[in-house]
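Asker: Dropping a structure here in structure tokens format, bear with me for questions.
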Amino acid sequence: MQNLLIIGGNRLQGAIDIHGAKNSVLPIISASILMNGKNVIHNCPDLSDVTAALKILGFLGIKYVRNGSDIAITSRKPTKFTIPDELMRSMRSSVMFLGSILARCGKATISTPGGCMLGPRPIDIHIKALKKLGASVKEEGGTLNFSADNGLVGTEIFLDFPSVGATENVIMAATLASGVTTLHNAALEPEIGDLISFLNGAGANIYDSGNGTVIIYGVNKLSSTEHIVIPDRIEAATYMAAAAVTGGNIKLNGIENRYMTAVNNAFIKMGCNIVCKDKTIAFDAPSRLKSIDFIKSEVYPGFPTDAGPLIISALCTAEGRSVFCEKIFQNRYVFVNELSRFGADISCDKTIAAIEGKEKLYGVHCNCTDLRGGAALIIAALKAEGKSRIGNICHIKRGYQDIAKNLRLLGADIKEV
Ligand code: UD1
């Protein structure tokens, strides 16, 4: 099993490029099922989750060629409408294939998504919305069979919670439905805008009001398109947190600054200086970070839950006491036990994590429990005195391309062994 070896203490300095967003490219790969002809997707990160999504596409009989950060997909109606259990389990987000397979084939069979490290991940909101579009659902021995024998029909849908995945599934399903779908309380995350622009590029007719209402005018057929995936705001936040703990001074290239407001504001509260210009962020951290009295994760444009572990890790050595409140996932704090090994003082109670800033952390042997929790351990190890070994880094590879290489470019002592 691969590990990361990190010797902490180096101040990060220099410039790196941010990759395309994981959470954009995954639904975009799924949406290609709705199209016909050759789609080219640029700026795709090389991640194990992207490989898993492409495997699902291949299983459905759709050909693709991956060349560096470009993926060319020859879209057509899938030859199968079932995703086998082992492929469903290979990626937690595989549920996002539901809307596109159902719209294209009139049927879709997936296994019931199990719980995961971040707590139960039910798909009741997805199911309720797809039923409103005319799908029927039967559960049989751990599989969910969806069918829309008379086709999907546009309607008014109100999501009980602005779930990112449910919003994406509804948009994909409604794109080829007959009539108009008006989706209320839709998620506002930038990756949804990216999915919509990919679909509209191929002839879909989707209007995003930007305030939680998305109107999808159903079309009979989509053609193909060429698309550039937006930058990964969570990858950017990760390098900002890494620079923050080391008192670093870095520049991130290829950023959409308008998506970074909540994250930037958190680092500014911690005493960092941030200058956004064109598509870059110049980030300068003080020698000791300040604590944040209270910060909570929220749906976009609030502070992203995926950046929670990163900021918690940075706050472990801030001056004073900080409180983080997790509002999206039940078990987000699963990584905290591992983070505490570094000497961090964090106490968690349900949604609250109270962090007493320590002057120093110490190198340890620890294991990743999940993707963003794993990134939090790297951040702690960069600050810690001495050597750390981080195991179970398969979690990190789901969402970060070349993280060790990039951190080395910034002057960190880190290697994969
Ligand atoms: C997506 C992101 C993930 C991010 C999350 C929240 C992708 C591939 N993943 O995940 O990185 O952390 O958004 O920004 O884009 N829920 C229900 N019932 C449902 C659907 C969701 O109860 O039918 C709950 C979930 O359990 C969770 C919350 O709603 O507690 C948010 O989930 P959701 O927005 O759907 O996140 P994902 O799409 O899974």
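The values are calculated or read from the model by the stated rules, or taken from the named source; none is laboratory data. Bear in mind that the values here come from a model prediction, so they are computed numbers and not experimental data. Note: ideal-geometry Cβ built from the backbone for every residue, glycine included; neighbour counts use all protein chains shown. Heads up: the accessible areas ignore ligands, DNA and RNA and are worked out on the full protein's heavy atoms, side chains in. Shrake-Rupley method; radii C 1.70, N 1.55, O 1.52, S 1.80 Å.
Asker: Can you say whether D70 is surrounded by fewer than 20 Cβ atoms within 10 Å (Cβ to Cβ) and touching a residue at least 60 places away in the same chain (Cβ under 8 Å), as far as the supplied structure shows?
Answerer: When the stated conditions are applied, D70 does not pass them.
Asker: Test each condition in (1) aromatic (F, W, Y); (2) open to solvent by 10 Å² or more (accessible area, probe 1.4 Å); (3) under 23 Å from the mean Cα position of the chain (by Cα) for F198 and report the one that comes out false.
Answerer: Failed condition: (2).
Asker: Residue under question is D349, and the condition is that it be away from the ligand (no atom under 13 Å from the Cβ) and modelled with pLDDT under 95; does it hold?
Answerer: So D349 fits the description; yes.
Asker: Quick one: count up the residues across region 169-211 that are touching a Gly at 6+ places or on another chain (Cβ under 7 Å) and closer than 23 Å to F303 by Cβ.
Answerer: Selection size over region 169-211: 4.
Asker: May I pose another question? Among the residues of region 158-188, what is the count of those that are of a type in the set (S, T, Y), more than 16 Å from the ligand (Cβ to nearest atom), open to solvent by 10 Å² or more (accessible area, probe 1.4 Å) and farther than 16 Å from R104 by Cα?
Answerer: 1
Asker: Can you tell me how many residues in region 10-46 are part of a loop (DSSP other than H, G, I, E, B) and away from the ligand (no atom under 13 Å from the Cβ)?
Answerer: Of the residues in that region, 10 qualify.
Results for (1) more than 16 Å from the ligand (Cβ to nearest atom); (2) modelled with pLDDT of 95 or more; (3) not acidic (D, E), shown as yes or no for each residue.
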| site | (1), (2), (3) |
| --- | --- |
| D208 | yes, yes, no |
| L222 | yes, yes, yes |
| A237 | no, yes, yes |
| G247 | yes, yes, yes |
| N253 | yes, yes, yes |
| V263 | no, yes, yes |
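Asker: Follow-up. Pick out the one residue from E298, E319 that is touching a Ser or Thr at 6+ places or on another chain (Cβ under 7 Å) and surrounded by fewer than 17 Cβ atoms within 10 Å (Cβ to Cβ).
Answerer: E319
Asker: Could you say which residue among I311, I328 is under 27 Å from H19 (Cα atoms), buried (at least 24 other Cβ atoms within 10 Å of the Cβ) and within 16 Å of the ligand (Cβ to nearest atom)?
Answerer: Exactly one residue qualifies, and that residue is I311.
Asker: Same structure, new question: Return only the number of the condition from (1) touching a helix residue (DSSP H, G or I) at 6+ places or on another chain (Cβ under 6 Å); (2) open to solvent by 10 Å² or more (accessible area, probe 1.4 Å); (3) part of a helix (DSSP H, G or I) that G193 does not satisfy.
Answerer: The number of the failed condition is (1).
Asker: Among the residues of region 144-157 satisfying the criterion of being touching a residue at least 24 places away in the same chain (Cβ under 8 Å) and open to solvent by 70 Å² or more (accessible area, probe 1.4 Å), which is nearest to S297 (Cα to Cα)?
Answerer: Result: E156.
Asker: Please specify each residue of region 47-73 satisfying the condition of being within 16 Å of the ligand (Cβ to nearest atom) and closer than 16 Å to P231 by Cα.
Answerer: Answer for region 47-73, where residues must be within 16 Å of the ligand (Cβ to nearest atom) and closer than 16 Å to P231 by Cα: L47, V50.
Asker: Can you find a residue that is over 23 Å from the mean Cα position of the chain (by Cα), surrounded by 20 or more Cβ atoms within 10 Å (Cβ to Cβ), more than 21 Å from Y300 (Cα to Cα) and not β-branched (V, I, T) anywhere in region 235-243?
Answerer: Checked against the condition, which is being over 23 Å from the mean Cα position of the chain (by Cα), surrounded by 20 or more Cβ atoms within 10 Å (Cβ to Cβ), more than 21 Å from Y300 (Cα to Cα) and not β-branched (V, I, T), region 235-243 yields no hits at all.
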